[in-house]
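Below: the structure, in structure tokens.
The values are calculated or read from the model by the stated rules, or taken from the named source; none is laboratory data. Worth saying up front: this structure is predicted, and the values here are computed from it rather than measured. We place every Cβ from the backbone using ideal geometry, glycine too, and count neighbours over all the protein chains shown. Only protein heavy atoms, including side chains, enter the accessible area calculation; ligands, DNA and RNA are left aside. Shrake-Rupley method; radii C 1.70, N 1.55, O 1.52, S 1.80 Å.
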Amino acid sequence: FKQKTAYEIASCLVGSEMCIRDSYLTVSEALAEKSSSKFKRLRVSGIVEEGSIKKNSDGSINFIITDKVKTINVQYKGEVPDIFTDEIEAVVEGELINTTFIANKLFAKCPTKYEDEAYEENKVSFVK
């Protein structure tokens, strides 16, 4: 069970009610926790698999998150963050029922590639 602050997760998180001290499980930990947990509500973090986002006629979405070891199918109905897309890190909160995670909250981590690009552009070379 990993506990991370919002500062450790990313420089920004998009969603609602994300507390700095909230904790989450990886996909593998959530699947292991399912059989032994006394808690019904879980918060799980994973990468959205490419091509897995499906929009339904009732306004809900289905997608798959992974920790590169295991995957969980997610069902979510609610406001979707603007930056939510394939291969972004997502944090979902809800219940794992059989093999589907029923989420009532969805958060999307801001991509860090922009920070990496800015670092590379501003890097100084000390070649003699």
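Some points to look at:
- Tally of residues being crowded, with 18+ Cβ neighbours inside 10 Å and assigned to a strand (DSSP E or B) across segment 76-99: 8
- Condition check for Thr26: at pLDDT 95 or above and buried (at least 16 other Cβ atoms within 10 Å of the Cβ): no
- All conditions in (1) surrounded by 16 or more Cβ atoms within 10 Å (Cβ to Cβ); (2) modelled with pLDDT of 90 or more hold for Lys109, with the sole exception of (2).
- Some residue of segment 61-70 being modelled with pLDDT of 95 or more, more than 16 Å from Leu25 (Cα to Cα), surrounded by 13 or more Cβ atoms within 10 Å (Cβ to Cβ) and more than 14 Å from the chain's Cα centre (by Cα): yes
- Filter result for Ser52 (at pLDDT 95 or above, over 14 Å from Lys105 (Cα atoms), open to solvent by less than 40 Å² (accessible area, probe 1.4 Å) and not hydrophobic (A, V, I, L, M, F, W, C)): yes
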